1. Considering only residues that are within 16 Å of the ligand (Cβ to nearest atom), part of a helix (DSSP H, G or I) and not small (Gly, Ala, Ser), look in region 1-40 and name the one that is surrounded by the most Cβ atoms within 10 Å (Cβ to Cβ).
2. Do you know which residues across region 24-39 are free of Cβ contacts under 8 Å to residues at least 40 places away in the same chain, of a type in the set (Lys, Arg) and under 23 Å from Asp254 (Cβ atoms)?
3. Say we look at region 97-122 and pick out the residues that are polar (S, T, N, Q) and assigned to a helix (DSSP H, G or I); which of these is surrounded by the fewest Cβ atoms within 10 Å (Cβ to Cβ)?
4. Of the residues that sit in region 289-346 and are among the hydroxyl-bearing types (Ser, Thr, Tyr) and farther than 25 Å from Ala11 by Cβ, which one is nearest to the ligand (Cβ to nearest atom)?
5. Given the criterion modelled with pLDDT of 95 or more and within 16 Å of the ligand (Cβ to nearest atom), identify the matching residue among Gly159, Gly182, Gly154, Gly130.
6. Does region 264-279 contain at least one residue that is buried (at least 19 other Cβ atoms within 10 Å of the Cβ), assigned to a loop (DSSP other than H, G, I, E, B) and within 17 Å of the chain's Cα centre (by Cα)?
7. Determine if region 240-253 includes at least one residue that is outside any loop (DSSP other than H, G, I, E, B) and among the acidic types (Asp, Glu).
8. Give the residues of region 53-66 that are more than 16 Å from the ligand (Cβ to nearest atom) and in a strand (DSSP E or B), sorted by residue number.
Amino acid sequence: MFIFDAHLDLAMNAMEWNRDLTWSVEDIRAKEEGMIDKPDRGKNTVSLGAMRRGNIGLCMATQIARYVKKENELPGWNSPHQAWAQTQGQLAWYRAMEAIGEMVQITNLAELNNHLDLWNSLGNSKNPIGYILSLEGADSIITLDHLEKSYEQGLRAIGPAHYGPGTYAHGTNSIGGIGRKGKELLKEIARLNIILDTTHLCDESFWETMKAYHGPLWASHNNCRALVNHNRQFSDEQLIELIRRGAVIGIALDAWMMVPKWVKGESTPESMGLTLEHMADHIDHICQLAGNSLHVGIGTDLDGGFGREQSPADINTIADLQKLPNLLYKRGYNNKDIENIMHANFIRFLRKTWS
Ligand SMILES: [Zn+2]
C-alpha cells in the first residue's frame, strides 16, 4: 500500500550525519561502524532505496536549524543568520537529489496528482521520492521576507517551534506564549497559505496559536498524552481541537513518545516490548476521539536523531511500515480506514489546501 510519511529529516541526515541516502541502509550502517559521535550511528533505518522498497513515495521532508540565544543551553546556531544558511544548505542537498532523479519536489496540486499517477502506474523500483518541503522550528526565518523567499523555494508547511523557547513560539519542554513576533509570523503563514504544523508547540503557545490562526493546520508527528504523559504529546483536549479544525495528526515512531517510562540510552525496544502495535494504539486513540479514521496518519520521524535503538523492535528499516496495514486490519479497521491512515488523509488535506 502507498505510504505518505509526514515527517522525515532527510537533509539533516545528509548534511549533519554525513549520510548518503542513495546508499542502502546496510551500507550506511557499515560505514558508521565504530563511530560514537551520535547515539544512532550504525543504527539508521532510512534511505531513499528503503523508502522505495516500502512504497513510501511521498513525504514531508524538513529543513531544520535551531537558533539559540546566549543564555540557552540547547544545542543550536548562535545567530538566526547561521540557522538560515544551514537550512539553505539542506535545500541545496534536496536540489542535488532532484538533479539526479532520486527525489522530486512537490509544491502544488498538479505536481501532486502527476506524482501519485506515476507511483500508481509504474510500480516503485526507480521512481523518484516525492518530497514536500517543511520547516521544523521557525528560528531560521530571520525576517518575514525570508518566509516569502522560502515559500518561493517550495516551503509548504512550517512549525513555529521545536525544543525550548524560540523566536516565534515556545516549544517542547518550555513554557510561554507566542508573543507579537509569533502572531506576525502566523499572519504571514496564513497569507501565503502555508500549512501550520502545530507539532512541538507547548500548551500555552498551542492555545494562543489556536486563537490567532485560522488557516490550514495539522500535526505532522505528534503522539497522544493520554498514552504517554509528557508535554511533547498532545492532550485529548488539544487533539479534539485539531480534529474539530480538520487537522490530520501523524503518529511518530520515536520510542519515548510511544510507551511510558522509556529511559533514553537505557531502555531497549526489546526490554520494553515496543512494537508497531504501540503505534496502532496511538492511531486508535485518535480514531476513537474523532469517531472515524479521517484525522490520523503517519509521521514517523524515523531519522530524527535516533535509529533502531529507539524504534519499534519490528522496524529494521522504514520499509517495515508495510507491516502496519495488517495490524490495523486485525483490530477491525477496514480497507478504506487503512488507506486513510497510510496516505489518504494527508493527501486529501493537501488537495484541499492547494485547490
Ligand atoms: Zn520533531
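1. It comes out as Leu10.
2. Listed by number, the list holds a single entry, Arg29.
3. Kept after step one, since they are polar (S, T, N, Q), are these residues of region 97-122: 105, 107-108, 113-114, 120-121.
The next check asks that each one be assigned to a helix (DSSP H, G or I); those that pass are 113-114, 120-121.
On the way: Asn113: 14, Asn114: 13, Asn120: 10, Ser121: 8.
Among them, the one singled out is Ser121.
4. Out of the qualifying residues, it is Ser293.
5. Selected residue: Gly159, the only one of Gly159, Gly182, Gly154, Gly130 that is modelled with pLDDT of 95 or more and within 16 Å of the ligand (Cβ to nearest atom).
6. no
7. Among the residues of region 240-253, at least one is outside any loop (DSSP other than H, G, I, E, B) and among the acidic types (Asp, Glu), which makes the answer yes.
8. Of everything in region 53-66, just one residue is more than 16 Å from the ligand (Cβ to nearest atom) and in a strand (DSSP E or B), namely Leu58.
The values are calculated or read from the model by the stated rules, or taken from the named source; none is laboratory data. For clarity, every value in this text was computed on a predicted model and none was experimentally measured. Note that each Cβ is placed from the backbone with ideal geometry, even for glycine, and that neighbours are counted across all protein chains shown.
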